[in-house]
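Okay, so here's the structure we're looking at.
All of the numbers you see were taken from the coordinates with simple rules; none came from a lab. Worth saying up front: this structure is predicted, and the values here are computed from it rather than measured. When we count neighbours, we look across all protein chains shown, and the Cβ atoms used for this are built from the backbone with ideal geometry, even at glycine.
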């Protein structure tokens, strides 16, 4: 996660520098945005209960190509996306060829159990602007998995101490993910949705887990 954290920090620094260097001439060509969302997990195993709120975050920058003489643009860029999937389960062995999620025993007291996934994204989006400053963005993005880990805070044995366990590099994840995006908003704030149509884990090597991300996009630049 350190590498992913450094990459996120680098992307944010570059975006901040870009925003400071953008002149009035180029301000309409570059956009920087932040997505804050929760993931609704579909196709989860029958014995897995997902938490209601699975907070995630995405930061991105795009270059906008104007379409004709109108206000609409086609945008392409890059970003960093992170997911946190909370549940009542743990991975039996993150290095196994087949990833199995097993329910945590009712005898154990635990605070949280989650997997964290980080992707390098390449988004493309058609943005339609209207005179009253409303806008609609219809897009698609592909992601490359660059980091993963499991985190558990709780007991390992009955009446035992609370432990913090982290395991990195979960096996059998799909390396590439992709899916459609949708944004509808006013000025600098938008409602946001992304549906990952690819599996989180490779076929027959883990649960499907298709996340539907729903939240808000803030575009200060």
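Descriptive notes on the structure:
- Taking 89, 42 and counting other C-beta atoms within 10 Å, the order from fewest to most: 42, 89
- Comparing 130, 201, 74 in a Gaussian network model of the chain (Cα springs below 10 Å), the most mobile by mean-square fluctuation is 130.
- Max mean-square fluctuation residue, GNM over the chain, Cα-Cα springs under 10 Å, options 151, 131, 166: 131
- Reported label for calculated P(r) over Cα pairs in 10 Å bins from 0, in percent given (1) 8, 31, 31, 18, 9, 3, 0; (2) 8, 36, 38, 17, 1; (3) 9, 36, 35, 17, 4, 0: (1)
- Nearest 10 degrees, 0 to 90: helix 2-21 Cα axis against the chain principal axis: 20
- Computed per residue of the chain from DSSP H runs no shorter than four, each worth -39500 (n - 2.57), the mean residue ellipticity at 222 nm is -3000 deg cm²/dmol.
- Separation of alpha-carbon centers, the range 103-125 and the range 27-62, rounded to whole Å: 12
- Segment residue 142-residue 52, extension gain: residue separation times 0.36 nm, minus the distance between their alpha carbons: 29.8 nm
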